[in-house]
1. Could you tell me how many of the residues in region 1-47 are in a helix (DSSP H, G or I) and open to solvent by less than 60 Å² (accessible area, probe 1.4 Å)?
2. List the residue pairs whose Cβ atoms are under 7 Å apart, where the first residue sits in region 1-30 and is among the aromatic types (Phe, Trp, Tyr), the second is open to solvent by 70 Å² or more (accessible area, probe 1.4 Å), and the two are 6 or more positions apart or on different chains.
Amino acid sequence: MALIEQAVRLADARFPGDALAEVCRCASWEERQAVMSIVHSRSALAGYPATPQQVMAALRQMVHGDAL
């Protein structure tokens, strides 16, 4: 969860790249797998390939408590 929160903070700060990829770059394999599991569990992303913007929007909602 800490990696996702960090990615959301980076994206909110207008990081000029893929914020999620950046925070996962130095994470352990287990941490990256946990992040991917969370991303894949988001109902807003189910059923189709999501864009990086859609992924960050869903994670932002999760972090800020706007949606389940």
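1. Going through region 1-47, the residues in a helix (DSSP H, G or I) turn out to be 2-12, 19-25, 29-41, 43-45.
Pick out the ones that are also open to solvent by less than 60 Å² (accessible area, probe 1.4 Å) and you get 3-4, 7-8, 10-11, 19-21, 23-24, 34-35, 38-39, 44-45.
Residues meeting the conditions: 17.
2. Close Cβ pairs satisfying both conditions: none exist.
The values are calculated or read from the model by the stated rules, or taken from the named source; none is laboratory data. A quick note: this is a predicted structure, and the numbers were derived from the prediction, not measured. Using ideal geometry, Cβ is built from the backbone for each residue, glycine included, and neighbour counts are taken over all protein chains shown. Surface accessibility is based on the protein's heavy atoms, side chains included, excluding ligands, DNA and RNA. Shrake-Rupley method; radii C 1.70, N 1.55, O 1.52, S 1.80 Å.
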